[in-house]
1. Roughly how many Å² of Glu291 are accessible to a 1.4 Å probe, to the nearest 10?
2. Highest mean first, how do 57-68, 18-29 rank when packing is the count of other Cβ atoms within 10 Å averaged over residues?
Amino acid sequence: MSWQATDEQDYPRMSRVVQVLIAINIAVAFLGATIVQDSELVSLFAFRAGPLSATWWTAFSYMFLHAGLLHLALNMYTLWLFGPRLEHVWGSRSFTFFYVWCAVGGAVFHALFGGLAPMIGASAAVYGVMLAYAMHWPKDEIYFFGVIPMRVATMVGIFVAVDLLRGFTGGSGVAYFAHLGGVAFAFLYLKKPQHVSIEQLRQRVSPAPDVGDDMSPRATPRPSSRSRHRDEVDEIVAQSKAAVAKRPARLASGKKSGPRDAKADEMDRVLDKISRHGLPSLTPGERKLLEEMSKQLRDQ
């Protein structure tokens, strides 16, 4: 597999958690090739179906062991291919949890369907990463075996179908059901609401209906102090307009206006200014006039 460039290439080609995971896997492989025998590492850290009370850590540690250089290289290359973009979008903490979660899914499925053979390898977690990438960017393309252009979603679908077939037909030497466990746990994780942003959640909260007999409780957004203040000002403006409209008709007859009419004219001007330019355009004196008018209306 090789990468086909897409329009979005602003994410790092190597991210922090992916780099750490690759480094740990390589270090463990080097340890098994030089200092400790592979058989000892497998006996201590490989996952086996059965009671985990005495070997609970193997549900996590198995993903850092690999059956040879090719197994390690394929998993780490795939992790490097699809992991950094996910980590860039989700953040390091969420990506780390997701990776471990998919590895646990592989252990669960291997315990249920995989038999008693020990299991090693990061394939379950890597399969989860592939599925997450395919669900986020299904139309991105890769070159399968460096030759065949293929969409990521198509490639993941083929891998899952092959694992299903080989798992139920008794393919030997590969933990096919662990791969499927990683895919299943990844799917469950991605369908959970933890990826919904705060803004998206707020948009989903609808206000209660104005009419109707439905009295069942539902979430309603709490009005802020600013919105309450704006509603109050709107009410004041409406009342002021009504009061100005009711002033005596003697202004139209050409008689000299008294102090009350001059104040009403000033209020007219303030209201016109609000309608044209909004409340922020008022001067301190005009705001004071609006407040005085509001007080008079309330006292009536």
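1. 130 Å²
2. On the way: 57-68: 19.2, 18-29: 17.2.
Most protected by this proxy first, the peptides run 57-68, 18-29.
The values are calculated or read from the model by the stated rules, or taken from the named source; none is laboratory data. Just so it is clear, the model here is predicted, and its values are computed rather than measured. In this analysis, Cβ positions are derived from the backbone assuming ideal geometry, glycine residues included, and neighbour counts consider all displayed protein chains. Accessible surface is based on the protein model in full, side chains and every heavy atom, while ligands, DNA and RNA are left aside. Shrake-Rupley method; radii C 1.70, N 1.55, O 1.52, S 1.80 Å.
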